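Where a number appears in this text, it was derived from the coordinates with a stated rule and is not lab data. Note that this is a predicted model, so its numbers are computed, not measured. In this analysis, Cβ positions are derived from the backbone assuming ideal geometry, glycine residues included, and neighbour counts consider all displayed protein chains.
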Amino acid sequence: MNEDIKTVIITGASRGIGFATAQLFLERGWQVITCARGDVPAEFVDNDNWLAHIPTDLADADSVQAFIQQASKVLEGRPLNALVNNAGLSPKTPFKERLGCLNGDLDAWREVFEINFFASLRLSRGFASALHNAKGAIVNITSIAGHYIHPFAGSAYSISKAALSAMTREMAGEFAALDVRVNAVAPGEIETSMIQPEYEALIPRIPLDRMGAPRDVASTIYYLCSDDSNYVTGTEIWVTGGQHMY
């Protein structure tokens, strides 16, 4: 590993926003460590800057700890410049019904919080020393659904993202003592596998009159990890096409 090249860890990198983010960092010369429940995307295998893909169940605390240990071995004591806590879970009923406070299975709620909230905390703690050594950055991926009642996103998902927004603020205050910046990106309606046909009805609510692309989110994540934002911490950036204004 070239010590002059920056390194990022990205969770949930097998598809959607995480995949687009890993692609962007690789294009811009960063070394990338990825994790997801699934296998490594074929597009990464031949890239010299892709260091490792570690299949991980972020809902399982032991699996998260194993990922921290394996990724640390890949780093070989070198600094970590950025951690992108992207992985997320938004369960639906078999009939794609919104899971709310009245009908959501509590075990499903726990899984959602493990992946959407506690995994980000565990990973941030686990890589705190490596991030400190680089004066690095953490970016948590929240959601517009964490701030407004969403017609399709379930309550567990929305509330977990609201908690992640609050934790971003608290982390920014605490991690500043380690010279680590902590920010969040709140996407709106982004064309990923989470988006179903019924989401088309939301486009009239979006001032830019279109859904976003994963790359729109990835470029904002990159900014928050780069030196261009080295005086930015405790911030949540909306990537919604203006939807959050209404």
Self-check item: Principal axis dimensions, the chain - Cα atoms, whole angstrom, descending
Solution: 48, 38, 37
Quiz item: For the stretch 171-210, what are the per-bin percents of Cα-Cα distances with bins 10 Å wide, up to the bin holding the maximum?
Solution: 23, 32, 15, 24, 5
Self-check item: Glu27-Asp105 pseudo-label distance in nm [points 7 Å out on the Cα-to-Cβ vector]
Solution: 3.9 nm
Exercise. Only Lys, Arg, Asp and Glu count, each charged at its Cβ (+1, +1, -1, -1), so figure out the dipole size of the stretch 137-193 about its Cα centre, rounded to 20 debye.
Key: 80 debye
Practice problem: Please name whichever of His244, Leu83, Ala119 sits farthest to the positive end of the charge dipole of the chain, dipole taken about the Cα centre and charges placed at Cβ: Lys and Arg +1, Asp and Glu -1. | Solution: His244
Exercise. Based solely on C-alpha atoms, express the radius of gyration and the Dmax of the stretch 1-67 in angstrom.
Key: 11.7, 34
Quiz prompt | Normalised contact order of the chain, rounded percent, pairs of Cα under 8 Å and 6 or more residues apart | solution = 19 percent
Quiz item: Given labels modelled 7 Å from the Cα in the Cβ direction, how far is it in nm from Thr235 to Ile5?
Solution: 2.9 nm
Quiz item: Using alpha carbon centroids, what distance separates the stretch 164-219 and the stretch 20-75, in Å?
Solution: 21 Å
Quiz item: Expressed as an acute angle from 0 to 90° and rounded to the nearest 10, what is the orientation of the C-alpha long axis of helix 155-175 relative to the principal long axis of the chain?
Solution: 30 degrees
Quiz item: Which value, in debye to the nearest 20, gives the size of the charge dipole of the stretch 7-245 about its Cα centre, when Lys and Arg are +1 and Asp and Glu are -1 at the Cβ?
Solution: 320 debye
Quiz item: Which aspartates and glutamates, on any chain, are close to Lys135 with Cα under 20 Å apart, when same-chain ones fewer than 8 places away are left out?
Solution: Glu3, Asp4, Glu76, Glu170, Glu174, Asp179, Asp227, Asp228, Glu236
Quiz item: Are there GluC sites (Glu not before Pro) in the stretch 112-191 that DSSP puts in a loop and that have at most 16 other Cβ atoms within 10 Å, and which ones?
Solution: Glu191
Self-check item: Cα convex hull of the stretch 40-81, projected area averaged across orientations, nm²
Solution: 3.6 nm²
Self-check item: Using alpha-carbon coordinates, inclination of helix 214-225 to the longest axis of the chain, degrees
Solution: 40 degrees
